[in-house]
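Just passing along the structure, written as structure tokens.
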Amino acid sequence: MAPVTLDITIDDDFNSIQEVLEQIRPAWSWADVKRKPFTTGITNKICGFYLHTDSKWDDMVLVRLYGRNTDTIIDRKAERRNMSLLNSVGAGPALYAVLNNGLAYGFVKGVTVDEKTVRESPVRELIAGQVAKMHTVDLSKYPEIDQSTPMIYTKVVHFLSCIPQPLSDPKKQKRLEEFGKSMTDLREEVNQMIDLAKKHAKSPCGFTHNDLLLENIIYNAEESAVSFIDYEYGAYNFLYFDIANHFAEYAGVEKPDHSLYPDREYMLEWLSTYFSAYSGGNNSSFTTSMLNDICTEVNFFSLWSHLLWGIWSIVQAENSSIDFDFMAFATSRLGAYFDRKEEFISEIIKKVNGC
């Protein structure tokens, strides 16, 4: 069923939600509706609504309100398209309604993975399989998806364009200066990374999520399944970036620990599972040597992940009203980029040169 478009604006406390529910759940009695706030997001506000008799949340409706000024960095039309696409292949919830300042969609039962469970069986195997399933979406069926340029090239440049110089908050500007890198420095890093990717990256491209942080992965133990949520950044991109970004997100968000980035042995096992699913169960063509080369490229794209989301976090520090220390997150991600930049760039250049 196609989502409905409603000319309704929801207040920050979701007190005006009744009109939406009357449209998408007409059989519900407002007196019987309960709410459940969700607080894991750092970009949007989310609240669930369900009947008091629905103790297992089988028919819960989630309503997500867009964060302040996020329309400047997120293509909302593409987000809605991505939700419908992923739902059609069994990788995400149904979209019910498009609001002036948010979306109403289905609730995915389960729990978000964390720094521990993401590594455990069967969760990691399910994630690898679901990523592969997403990566094999036939984009010829979706001509509206721009396939001319990988998403990271255009998105990181756009993020940079959204950052004023200096930042409007002097305290945040001072923290950025104390980090020791100016916006000019970051632009130079972006130009260098684009040049390196164009010269050395061999990754195929396809439909990618691009934001597989732990809070965007839902594990349902009863059904032995995982689902992905939040498709704001889903686009045509390097497949190995999507994998690298997922690995980089093992660090977590609240207090990132970048030492949790997987080692090569773990990556080889994960990639073996991924390629088995990607190739329909036949991954015999991927030798250990080939998988090692892919690990090297994944490491390179992890630098891209840190650079992209570090710059994104500066944009959020300037614009967001969410209670989260975006400047701390920015310096953490950019710090991780500079910490391993020389190592991972050296690896990929040696691989290409056959050393």
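What residues have an amide H closer than 5 Å to that of T112, excluding those fewer than 5 places away on the same chain, when H is modeled at 1.01 Å from N in the peptide plane?
Hits under the 5 Å cutoff: Y219.
Which pairs break 22 Å Cα to Cα here: K199/K341; K109/K255; K36/K56; K45/K255; K109/K133?
Pairs exceeding the cut-off: K109/K255.
Then there is this: Compute the Cα gyration tensor for the stretch 196-355, then decide on rounded, prolate or oblate, letting a ≥ b ≥ c be the square roots of its eigenvalues: rounded whenever a/c is under 1.5, prolate when a/b is larger than b/c in the other cases, and oblate in all that remain. Mind showing how you got there, number by number?
Numbers: a/c = 1.90, a/b = 1.24, b/c = 1.54.
Oblate is the answer for the stretch 196-355, as a/c is 1.5 or above yet b/c matches or exceeds a/b.
Run the numbers on the chain and let me know its relative contact order in percent, using alpha-carbon pairs under 8 Å that are six or more apart. Write out the running numbers ahead of the final one.
Numbers: 515 pairs, mean separation 65.3, N = 355.
Averaging sequence separation for qualifying contacts and normalising by length gives 18 percent for the chain.
Using a cut-off of 11 Å between beta-carbons, work out the net charge of the residues near E178 (Lys and Arg +1, Asp and Glu -1, E178 not included). Before the final figure, lay out the partial values.
Numbers: positive: K171, K172, K174, R175, K181; negative: E177.
After counting each charged neighbour, the total is +4.
Once amide H atoms are built 1.01 Å from N in the peptide plane, which residues 5 or more positions from G92, or in another chain, come under 5 Å H to H?
Under 5 Å from the amide H of G92 lie the amide H atoms of N87, each far enough along the sequence or on another chain.
Here is a follow-up. Need the full-extension length gain, T149 to A2, defined as separation in residues times 0.36 nm minus the C-alpha distance. One decimal, nm.
Details: separation 147, 0.36 × 147 = 52.92 nm, distance 2.90 nm.
Answer, rounded to one decimal: 50.0 nm.
So, one more: Express in whole angstrom the spacing between the alpha-carbon centres of the stretch 3-58 and the stretch 193-255.
That distance is 28 Å.
Report relative contact order for the stretch 176-309 in percent, whole number only (criteria: Cα-Cα under 8 Å, sequence separation at least 6).
Dividing the mean separation by the residue count of the stretch 176-309 yields 24 percent.
Right, here's the next one. Using amide H atoms built in the peptide plane, which far-off residues or other-chain residues are under 5 Å from C205 H to H?
For C205, whose amide H was placed from the backbone, the distant partners under 5 Å are L239.
Where Lys and Arg each count +1 and Asp and Glu each count -1, what net charge lies around E115 among other residues with Cβ under 13 Å from its Cβ?
Net local charge, E115 excluded: -2.
Now, a different point. Let me have the relative contact order for the stretch 1-116, percent, based on Cα pairs under 8 Å that are six or more residues apart.
29 percent
Additional query: Name the aspartates and glutamates eligible as straight-distance cross-link partners of K155: C-alpha to C-alpha under 15 Å, and not fewer than 8 places from it in the same chain.
Partners found: D71, D75, E79, D146, E189, D211, E232, D242.
I've got another one for you. Rounded to the nearest 500, what is the 222 nm mean residue ellipticity of the chain from helices alone, with -39500 (n - 2.57) per DSSP H run of 4+ residues and division by all residues?
-14500 deg cm²/dmol
Any idea how far apart E223 and E269 come out in nm if each label point goes 7 Å out from Cα toward Cβ?
Going from the E223 label point to the E269 one covers 2.7 nm.
Quick one: if you stick a label point 7 Å off each Cα along the C-beta vector at L139 and D71, how many nm between them?
Result: 2.8 nm between the two label points.
Return the distance in nm (one decimal) between the two label points of a simple spin-label model at N100 and R187, each offset 7 Å from Cα along Cα→Cβ.
About 3.7 nm separates the two model spin labels.
Only the coordinates and a few stated rules stand behind these numbers; no lab work does. It should be emphasised that the depicted structure is a prediction, and the values quoted were computed from it without experimental measurement. All Cβ positions, even for glycine, are placed from backbone atoms using ideal geometry, and neighbour counts span all protein chains on display.
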